[in-house]
Amino acid sequence: MNGAGLVVEVLAAEGVSQVYGIPGTTIMDLLDALARQDGIRYLSVRHEQVAASMADGFSRGSGRLGVCVASRGPGAMNLATAVGNAFDESVPLLALVGQVPGDVAGRGAFEELDVLTLFRPITRWQVQIDRADRIPELLQRAVRRAVSGRPGPVLVSLPLDVLRAGVEARPQPRFRPGLPRPAAADARTAARVLAQAERPAVLIGGGVRTAPAAGDPDAGGFPAANGPDVSGFPAPITSLVEKLGAPAVTTWSRKNQFPNDHPNFLGSLGAGALPATERAIKEADALLALGCRFSEFTTKRWTLLSPGTRLVHVDIDPDELGKVYPPEIALHADATLAAADLLTAMNGTASAPDWLRGLRAAYTRDRRLPDAAPPPPGTVATAALVRALAETLTRTPATLVVDAPSTGVWIQRHLDFTRPGSHFASSGGAMAWGFPAALGIQLARPHERVICLSGDGSFWMVAQDLETAVRESIPVVTVVANNYAYGNTRDRQRTAHQARYFGVFYDNPDLAGFARLHGAHGERVTCGADLVPALERALASGKPAIVDVVQDRHEGLPPGVVPLPAGRPR
């Protein structure tokens, strides 16, 4: 066996089932090793960013480690945007990058690049394996770093001579470190703080692991490393919210972290958050924050929490505790395990029924879709698009993946998600994440339907991989909100630069025709009444599909929502 064959054997031992990438000189031996086995599926894509985003989506959708591979230099650099996005969102991902052989390293060989330095700010760990017999040790350590504790991407550099070298080593036994629980005394103190509150609130972030029952804890992925209750919404958190009588609010783009039909649920913070959602945090006298990092959008640029709020912060990453807001009680622990211990430690019940009822009534009223004036002829209003998606998802349960369009704010406000793992959105900010991530999620869930909602700006950055979807029979239905604009920037130019628009408008071809040229299903929709039938035909086609929803160039955020300006709170 050579080093490349050993890499593949290690990946199989760690439960890897799919790898995404682009062929290149320094990884040809690795691809040859993948070709000579049938336990791991390899899919070639058209751009390395797509490979990494597909691995990201596969990881989120399956609970198994997503893996991408690229050759040296330019190939590695093309991975960086998607790897950085996964780092921001704590998504486990393994990036394998080819490297020039050791006998020419350091001479500026063709496409030679210091990938360890390049990826150091955007990965949990980076390592180059310089001896084939150390592949099991270092590669399996990298996998553990990706999936354990606070998960995230790791990078492994594989020089060409190491992949070609003969080797007799074999994979090590697979194991995962245990999860931290709070100290019993700290849990009791935190429980007293929450029980004493008159207006307690619970903020639930991406560190709370929820997953469909399809997740396999023995597959080498992150469920086994992130708590015993990953199938469904974690019961200890729901029970704790109920015992506290507290509103449950999720962080930005994480609305599916708590059942949206629960009477204590009050929506998601961030861009376009409803007033009642923000009040639940601002007026709380005690806040339990579970697995959240208090990001800029979640906290309204760090202005949302009130100075007198007693904060109990739980996070599996000790570096997050006190980084933004100093907590009264800091619990270094897995969020679900901490919630179970808090529930056990609570004597009595903190209850604020009048406060919660008032917030819930306001939230229910404000989240109704607004009545808008008819859109210009030949275009579809976003309110009509949201209604059509809601109706379609009621008729055909599917996972909705939302990229970074202005439409995402509408989804956060007006669509509910009651099935765990049925909604994924990007809070890392990288455009073009949605379509390839949806491909990865669909591959992780071959028996489910996946719908991607993307802006036209994001879609065109990765549109070439519609060919990948057709070639590999990945039947994602992509709904493109096609307003011929970089909408988020356009809205900021309108509010911050007196509508001096520059560089934000462009033209598009017929996206439905583009889909049909690739052998995919294509629909072009210019009237709101035609949306549901078009979506149903796309789903029924069983093919990759594009539903091109033509909108006005100025269609964007919900009425009254103003983008958060850079540099100051709104």
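All of the numbers you see were taken from the coordinates with simple rules; none came from a lab. None of these values were measured; they are calculated from a predicted model. Here Cβ is always computed from backbone atoms with ideal geometry, including for glycine, and neighbour counts include all displayed protein chains.
Once the Cα atoms of segment 468-536 are picked out, what are the Rg and Dmax in Å?
15.8, 47
Which three semi-axes in whole Å describe the equivalent ellipsoid of segment 1-60, each the square root of 5 times a Cα gyration tensor eigenvalue, listed largest first?
Over the Cα atoms of segment 1-60, the semi-axes work out to 19, 15, 8 Å.
Determine how many Å³ per residue the convex hull of the Cα atoms of segment 340-493 encloses. Walk me through the numbers before you get to the answer.
Numbers: hull volume 28.7 nm³, N = 154.
Spelled out: Cα convex hull of segment 340-493, divided by residues, is 186 Å³.
What fraction of the Cα pairs in segment 3-164, stated in percent, has a spacing above 24 angstrom?
Looking at segment 3-164, the distances longer than 24 Å represent 22 percent of pairs.
Let's see if you can work this out: charge +1 on each Lys and Arg Cβ, -1 on each Asp and Glu Cβ, no other charges. What is the dipole magnitude of the chain about its Cα centre, in debye to the nearest 20?
On the way: 57 positive and 56 negative charges, 231 e Å.
Using only the charged Cβ atoms, the result is roughly 1100 debye.
With N denoting the number of residues in segment 437-570, provide Rg(C-alpha) divided by 2.2 N^0.38 Å, to two decimal places.
On the way: Rg = 16.5 Å, N = 134, 2.2 N^0.38 = 14.1 Å.
Relative to the 2.2 N^0.38 Å estimate, segment 437-570 comes out at 1.17.
Near VAL154, within a Cβ-to-Cβ distance under 11 Å, what is the net charge of the other residues, with Lys and Arg +1 and Asp and Glu -1?
+4
Would you compute, from DSSP H runs of 4+ residues alone, the mean residue ellipticity of the chain at 222 nm, taking -39500 (n - 2.57) per run and dividing by the full residue count, rounded to the nearest 500? Provide the component values of the computation, followed by the final result.
On the way: 20 runs with 201 residues, N = 570.
Calculated from helices alone, the mean residue ellipticity at 222 nm is -10500 deg cm²/dmol.
Identify, among SER90, ILE451, GLY270, the residue whose Cα sits farthest towards the positive end of the charge dipole of the chain, taking +1 on the Cβ of Lys and Arg and -1 on the Cβ of Asp and Glu, with the dipole about the Cα centre.
Of the candidates, GLY270 comes out farthest on the positive side.
Could you tell me which trypsin sites (Lys or Arg not before Pro) in segment 451-531 are loop residues by DSSP with no more than 10 other beta carbons within 10 angstrom of their beta carbon?
Sparse-neighbourhood loop trypsin sites (Lys or Arg not before Pro): ARG500.
Sort ARG293, ARG301 by Cβ crowding within 10 Å, fewest neighbours at the top.
ARG301, ARG293
Quick one: Cα centre-to-centre distance for segment 509-559 and segment 38-84, in angstrom?
Going from one Cα centre to the other spans 27 Å.
Based on the alpha carbons, how large is the Rg to Rh ratio for the chain when Rh follows Kirkwood? Could you put the intermediate results ahead of the total?
Working: Rg = 23.9 Å, Rh = 24.5 Å.
We get a ratio of 0.98 for the chain.
Setting aside same-chain residues fewer than 8 positions from LYS300, which lysines have a Cα under 21 Å from its Cα?
Within the straight-line cut-off, LYS300 pairs with LYS255, LYS282, LYS323.
What share of the DSSP beta bridges in segment 382-550 is antiparallel, in percent to the nearest 5?
Expressed as a percentage, antiparallel bridges in segment 382-550 total about 5.
Could I have the simple spin-label model distance between ASN508 and CYS527, label points 7 Å from Cα toward Cβ, reported in nm to one decimal?
That separation, rounded to one decimal, is 2.0 nm.
Please identify the longest segment of the chain free of exposed chymotrypsin sites (Phe, Trp or Tyr not before Pro), where exposed means a DSSP state other than H, G, I, E or B and no more than 16 other Cβ atoms within 10 Å. Each step should come with its number before you reach the end.
On the way: sites that count: PHE110, PHE175, TRP302, TYR501, PHE502, TYR506.
Counting only loop sites that pass the neighbour cut-off, the longest clear stretch is 303-500.
Which residues' amide hydrogens lie under 5 Å from the amide hydrogen of LEU158, considering only partners 5 or more residues apart or on another chain, with H built in the peptide plane?
HN-HN under 5 Å from LEU158: VAL97, GLY98, GLN99.
If you stretched the chain out fully between THR364 and TRP302, how much longer would it get, using 0.36 nm times the residue separation minus the C-alpha to C-alpha distance?
Here the answer is 19.7 nm.
What does the extension gain come out to for ALA35 and ALA499, with contour length at 0.36 nm per residue minus their alpha carbon separation?
In short, 161.6 nm is gained.
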